[in-house]
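Asks: Structure provided below as structure tokens; questions to follow.
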Amino acid sequence: MKIHEYQAKEILRRFGIPVQPGEVAQTPAEAEEIARRFGVPVVIKAQVYVGGRGKAGGIQFGDTPEAAREAASRVLGMDIKGLTVNKVLVVPKLEIREEYYLGIISDRNSQAPVVMVSAAGGVDIEEVAAKTPELIIRQPIDMRWGLFPEEARTMLARAGMPHVVIAKGGDILAKLARAFIESDASLAEINPLALTGDGQVIAADAKILVDDNALVRQSEYAGWSEPEEANPLEFEAKAAGLTYVKLDGDVGIIGNGAGLVMTTLDMVARAGGKPANFLDIGGGAKAEVMKKSMLFVARDPQVKGILVNIFGGITRGEEVAKGIIMAQAELPAHMPIVARLSGTGEVEGRALLADAGLMWGSDMRDASQKIVAAIQGR
Amino acid sequence: MSIFFDRSSRVIVQGITGREGQFHAKGMLASGTNVVGGTSPGKGGTTVDGIPVFDTVAEAVAQTGANASCIFVPPLGAADAIMGAAEAGIPLTVCITEGIPVVDMMRVSAFLKQYPTRLIGPNCPGLATPGAGKVGIMPYHIFSPGSVGFISRSGTLTYEVVSLLTGAGIGQSSCIGIGGDPIIGTTFIDCLRLFERDPQTDAVVMCGEIGGSDEEDAAAYIPQMTKPVVGFISGRTAPPGKRMGHAGAIISGNTGTAAGKVAALQAANVPVAETIFDIPDLVKAVLHR
């Protein structure tokens with residue numbers, strides 16, 4: 001799950017990491033008031049779930065409270081990569097002497113969180129990794145004991161940071177590791193970690209991703225979740241407990257099991273169609289879940305037909321068929337539906353579909369060809 | 001012969017009093033698996049369908065001589081269940097649970113380095129050895145005994161492909177669902193090494209998918225094998241940056257793409273099926289090579 005910069009900074013603050021002060025504004029007037037309170041000059045930073053907001057004009061400056069208000073009015077409502085800016089973070093401008101990078105990411109190869117630090121901070125770390133990988137020091141965290149401050153300082157020293165940053169930054173990095181583990185993050189970044197003119201070492205920007213699997217025990221962070229306008233259907237699907245990914249085509253696809261659904265998308269593409277979505281109903285789904293899934297997929301205005309591919313084990317074919325028939329009554333009459341049921345309850349399910357006059361495929365390939373043909377009017 | 005599991009295996013079900021645990025314990029018994037007990041803290045001394053229930057894995061091992069465990073414990077308790085099984089000396093643990101927090105699995109991974117336990121999964125359908133039984137949730141009737149080893153990251157896709165193999169008269173030695181999570185206990189390469197040593201196995205089918213580099217790692221090992229491997233990769237149409245159902249099925253930047261995995265396998269001389277329907281013929285071809 002994505003969270004905003006101001007929320008990531010709140011998490012860091014709770015773990016004792018020095019964070020640049022600031023507050024969130026939702027109107028230009030609020031931005032002006034915050035600028036007066038914290039003192040100018042201020043930076044107005046768009047709070048959106050995408051990177052590259054600086055280049056898009058989402059970071060602006062205000063030398064007076066009035067200018068802050070104007071800057072906020074330019075940034076609020078701005079469209080950045082398809083997302084509307086509804087909030088800005090207003091922070092007093094720091095006098096930054098140097099910028100560094102501290103990051104932790106969960107790494108599947110080492111099966112551990114991997115810490116990355118670099119003296120080349122403030123820029124896109126992926127660019128640094130691609131062009132000058134030697135400038136990044138990497139080390140996995142031993143999950144039995146976490147990251148010691150001394151280990152952290154050693155990493156910063158190897159990255160060539162100055163003494164003051166090794167001392168203060170080592171403490172910050174060890175705390176970042178604790179924040180990562182205890183907040184169930186999958187990514188936690190301070191970029192830049194700023195060394196200021198007056199010798200402070202402070203998080204000037206932060207990014208945290210929270211592991212979706214852990215939201216049940218990170219209920220406060222779960223409550224921070226906001227819809228992404230770029231993907232409103234995906235947000236709603238999550239809330240409804242559906243595993244749904246929006247794609248670009250016109251063939252709605254529903255199946256059970258991630259690998260099977262992915263393979264069905266590939267099969268539809270081979271048959272000349274374009275998948276509109278990925279939807280996995282999981283194991284043991286009842287008719288109601290099937291119906292809900294059908295109606296959900298059909299809400300995508302691009303969808304011109306729906307393919308259902310079920311390999312029944314603990315999912316029963318007749319439950320799936322009942323769900324499809326229930327949904328069909330509420331779908332546009334011209335919407336073609338092709339179902340392929342195999343395994344448990346296959347015979348009963350097919351009989352129900354036949355009685356309702358619905359199409360079925362003998363296997364995944366046959367069903368894919370039929371739905372593509374029906375949509376393309378062949 | 002088989003890998004991981006055979007007729008001598010004595011299996012306990014962790015979380016046997018839950019809906020899933022109870023249902024699949026019965027299914028395992030029906031497949032011929034020797035289910036000797038189950039665990040559920042607080043329910044020790046009771047039985048589920050005649051299977052004795054214990055409070056802890058250690059007690060279950062002491063009383064039943066269990067040497068394998070199948071975990072149906074809910075996500076937030078699953079890491080504890082895996083570590084408990086290792087601590088109690090269980091050599092084979094199959095974790096079916098989906099949705100375990102990644103931080104928990106990273107802790108499990110560090111913990112298991114100190115134990116000889118083999119973990120399969122999590123977020124997997126388990127394994128089956130046709131003729132001996134199964135540990136997990138696979139529908140057992142689709143299997144037929146034979147000489148082809150099968151490995152996959154997916155559940156229902158496994159059932160599809162195994163059904164095609166059985167329908168084409170190609171029997172299986174052992175089938176392993178390694179799981180769809182980013183952090184799993186047993187990878188393709190672990191299974192390939194064991195199949196290479198298993199006298200019953202003559203060829204291996206490996207069904208991979210987008211995300212991570214398990215398939216590429218396997219491709220680097222396959223040239224050292226004497227036995228042929230047939231590959232399939234799912235997710236050719238998946239866009240980058242989107243999690244395709246499985247937590248591990250995500251293309252990050254340029255890594256984990258279907259095209260990259262297909263190319264790595266082909267470079268290792270592995271025939272890669274365009275669709276699952278091509279797999280039986282490719283298997284027949286490599287067996288007659």
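Asks: Net charge near B:His24, counting Lys/Arg +1 and Asp/Glu -1 over other residues with Cβ under 14 Å of its Cβ?
Replies: Values: positive: B:Arg19, B:Lys26, B:Lys134; negative: B:Glu20, B:Asp49, B:Glu98.
Neighbourhood net charge equals 0.
Asks: List the trypsin sites (Lys or Arg not before Pro) within region B:81-169 that fall in a DSSP loop (any state other than H, G, I, E or B) and whose Cβ has at most 15 other Cβ atoms within 10 Å.
Replies: For trypsin sites (Lys or Arg not before Pro) across region B:81-169 that sit outside H, G, I, E and B with at most 15 neighbouring Cβ atoms in 10 Å, the list reads B:Lys113.
Asks: On to the next question. Mind checking the full-extension length gain between A:Ala129 and A:Asp198? Use 0.36 nm per residue of separation minus the Cα-Cα distance, one decimal, nm.
Replies: In short, 21.8 nm is gained.
Asks: Quantify how strongly other chains surround peptide B:238-247 by giving the mean number of their Cβ atoms within 10 Å of each of its Cβ atoms.
Replies: Per residue, the number of nearby Cβ atoms from other chains is 6 on average.
Asks: Counting other Cβ atoms within 10 Å, keep those with at most 12, restrict to DSSP loop, and tell me which GluC sites (Glu not before Pro) in region A:34-111 are left.
Replies: Here the GluC sites (Glu not before Pro) that fit, given the DSSP loop and packing criteria, are A:Glu95.
Asks: Output the residues of region B:79-99 meeting this criterion: accessible area (heavy atoms, 1.4 Å probe) in the chain alone minus accessible area with all protein chains in place is 20 Å² or greater.
Replies: Output list: B:Gly99.
Asks: Rounding to the nearest 20 debye, state how big the charge dipole of region A:96-222 is about its Cα centre with +1 on each Lys and Arg Cβ and -1 on each Asp and Glu Cβ.
Replies: With only Lys, Arg, Asp and Glu charged at Cβ, the dipole is about 300 debye.
Asks: Over region B:10-120, what is the percentage of antiparallel beta bridges among all DSSP beta bridges, to the nearest 5?
Replies: 10 percent
Asks: Also, quick follow-up: Could you size up the charge dipole of the protein assembly as shown around its Cα centre, putting +1 on the beta carbon of Lys and Arg and -1 on that of Asp and Glu, and report it in debye to the nearest 20?
Replies: Dipole about the Cα centre, nearest 20: 640 debye.
Asks: Between B:Ala285 and B:Gln224, what's the calculated FRET efficiency when r is the beta-carbon distance and R0 is 25 Å? Round to 0.05.
Replies: Using R0 = 25 Å, I get an efficiency of 0.70.
Asks: Averaged per residue, what accessible surface does region A:1-124 expose to a 1.4 Å probe, in Å²?
Replies: In whole numbers, region A:1-124 has 43 Å² accessible per residue.
Asks: Where does the protein assembly as shown land at 222 nm, in deg cm²/dmol rounded to the nearest 500, when only DSSP H runs of n ≥ 4 count, each adding -39500 (n - 2.57), divided by all residues?
Replies: Counting only the DSSP helices, I get -10500 deg cm²/dmol.
Asks: From the backbone phi of region B:215-220, what are the Karplus-calculated ³J(HN,Hα) couplings (6.51 cos²θ - 1.76 cosθ + 1.60, θ = phi - 60°) in whole Hz, Gly and Pro given as x?
Replies: Here the 3J(HN,Hα) series is 5, 5, 4, 4, 4, 6 Hz.
Asks: Would you work out which of A:Gly77, A:Ile59, A:Tyr49 lies farthest towards the positive end of the dipole of region A:49-88? Charges go on Cβ: Lys and Arg +1, Asp and Glu -1.
Replies: With unit charges placed on the Cβ atoms, the residue in question is A:Tyr49.
Asks: Could you tell me the distance between the Cα centroids of region A:164-205 and region B:187-212, to the nearest Å?
Replies: Between the Cα centres of region A:164-205 and region B:187-212 lies a distance of 43 Å.
Asks: Could you tell me which of B:Tyr159, B:Asn269, B:Cys191 has its Cα farthest along the dipole of region B:143-287 towards the positive end, charges placed at Cβ (Lys, Arg +1; Asp, Glu -1), taken about the Cα centre?
Replies: Value: B:Tyr159.
Asks: Would you mind working out the magnitude of the charge dipole of chain A relative to its Cα centre, with +1 at each Lys and Arg C-beta and -1 at each Asp and Glu C-beta, to the nearest 20 Debye?
Replies: Rounded to the nearest 20 debye, it is 420 debye.
Asks: Would you grab the residues whose amide H sits under 5 Å from the one on A:Thr315? Only those 5+ places off in sequence or on another chain, please, with H modelled 1.01 Å from N.
Replies: Under 5 Å from the amide H of A:Thr315: A:Gly284.
Asks: Which whole number gives the average, over all residues in B:145-155, of C-beta atoms from other chains lying within 10 Å of the residue C-beta?
Replies: The per-residue average across the peptide is 2.
Asks: When Cβ neighbours within 10 Å are restricted to other protein chains, what is their mean count per residue of peptide A:250-261?
Replies: The mean count of partner-chain Cβ atoms within 10 Å per residue comes to 6.
Asks: Heavy atoms only, probe 1.4 Å: what % of the accessible area of the protein assembly as shown goes to carbon and sulfur, would you let me know? It would help to have the intermediate numbers written out before the result.
Replies: On the way: 13590 of 25810 Å².
C and S atoms contribute 53 percent here.
Asks: Using the Karplus curve 6.51 cos²θ - 1.76 cosθ + 1.60 with θ = phi - 60°, what ³J(HN,Hα) values do you get for each residue of region B:61-69, in whole Hz, with x for Gly and Pro?
Replies: Calculated HN-Hα couplings, in order: 5, 4, 7, 10, x, 4, 10, 8, 9 Hz.
Asks: Within a Cβ distance under 15 Å of A:Ile208, other residues only, what is the Lys/Arg minus Asp/Glu net charge?
Replies: Details: positive: A:Lys2, A:Lys9, A:Arg13, A:Arg14, A:Lys175, A:Arg178, A:Lys207; negative: A:Glu5, A:Glu10, A:Glu182, A:Asp184, A:Glu189, A:Asp205, A:Asp211, A:Asp212, A:Glu220, A:Glu226.
That sum, taken over residues with Cβ under 15 Å, equals -3.
Asks: Given labels modelled 7 Å from the Cα in the Cβ direction, how far is it in nm from A:Arg217 to B:Arg197?
Replies: Result for the modelled spin labels: 3.5 nm.
Asks: Please state the relative contact order of chain A as a whole percent: Cα pairs under 8 Å, 6+ residues apart?
Replies: So the answer I get is 12 percent.
Asks: Shifting gears a bit: Taking H as built 1.01 Å from N, whose amide H comes closer than 5 Å to the amide H of B:Arg10, not counting residues under 5 places away?
Replies: Sorted by chain and number, the residues that satisfy this are B:Asn67, B:Ala68.
Asks: To continue, here is another question. Could you check what % of the DSSP bridge pairs in chain A are antiparallel, to the nearest 5?
Replies: Percent antiparallel among DSSP bridges in chain A is about 75.
Asks: Where does each of B:Thr257, B:Thr56, B:Thr93 land when they are ordered by accessible area, with a 1.4 Å probe and the largest first?
Replies: From most accessible down to least: B:Thr56, B:Thr257, B:Thr93.
Asks: Chains A and B: what accessible area do they bury, summed, in square angstrom to the nearest 100, with a 1.4 Å probe? Walk me through the numbers before you get to the answer.
Replies: Details: alone 17670 and 11890 Å², together 25810 Å².
Summed over both sides, the interface buries about 3700 Å².
Asks: Past 26 Å, Cα to Cα, is the threshold; run A:Lys291/A:Lys370; A:Lys207/A:Lys238; A:Lys55/B:Lys261; A:Lys2/A:Lys55; A:Lys55/A:Lys131; A:Lys286/B:Lys26 against it and keep the listed order.
Replies: Table pairs above 26 Å Cα-Cα are A:Lys55/B:Lys261.
Asks: By a straight-distance test (C-alpha under 19 Å), which lysines pair with B:Lys284 as possible cross-link partners, with residues fewer than eight away in the same chain excluded?
Replies: Hits, sequence-local ones excluded: B:Lys227.
Asks: Just to confirm a number: summing +1 for Lys and Arg and -1 for Asp and Glu over residues other than B:Met83 whose beta-carbon lies under 13 angstrom from that of B:Met83, what do you get?
Replies: 0
Asks: DSSP H helices in chain A with Cα extent of 27 Å or more along the helix axis and mean Kyte-Doolittle hydropathy at least -0.5? The partial results should precede the final answer.
Replies: On the way: long enough: A:163-182 (28 Å, 0.81).
In chain A, the long hydrophobic H runs are A:163-182.
Asks: Please compute the Kirkwood hydrodynamic radius of the protein assembly as shown from all pairs of different C-alpha atoms, in Å with one decimal.
Replies: 26.8 Å
Asks: What residues have an amide H closer than 5 Å to that of A:Thr243, excluding those fewer than 5 places away on the same chain, when H is modeled at 1.01 Å from N in the peptide plane?
Replies: Amide H neighbours of A:Thr243, under 5 Å, 5+ apart: A:Asp280.
Asks: Which percent, to the nearest 5, of DSSP beta bridges fully inside region A:177-309 are antiparallel?
Replies: Of those bridges, close to 65 percent are antiparallel.
Asks: Sticking with this one: Taking the Cα centre of the protein assembly as shown as the origin and placing charges on Cβ (Lys, Arg +1; Asp, Glu -1), which of A:Gly146, A:Thr263, A:Ala194 is farthest toward the positive end of the dipole?
Replies: About the Cα centre, the residue reaching furthest to the positive side is A:Thr263.
Asks: Please list, by residue number, every one of the trypsin sites (Lys or Arg not before Pro) in region A:1-82 that is coil in DSSP and has at most 16 other beta-carbon atoms within 10 Å.
Replies: A:Lys55, A:Lys81
Asks: If you roll a 1.4 Å probe over the heavy atoms of the protein chains, what accessible area per residue do you get for region B:10-120, in Å²? Don't skip to the end; give the middle numbers.
Replies: Details: 4350 Å² over 111 residues.
Heavy-atom accessible area per residue stands at 39 Å².
The values are calculated or read from the model by the stated rules, or taken from the named source; none is laboratory data. Bear in mind that the values here come from a model prediction, so they are computed numbers and not experimental data. Here the Cβ is made from the backbone with ideal geometry for all residues, glycine too, and neighbour counts use every protein chain on show. Side chains are part of the model used for accessible areas, which takes the heavy atoms of the whole protein and leaves out ligands, DNA and RNA. Shrake-Rupley method; radii C 1.70, N 1.55, O 1.52, S 1.80 Å.
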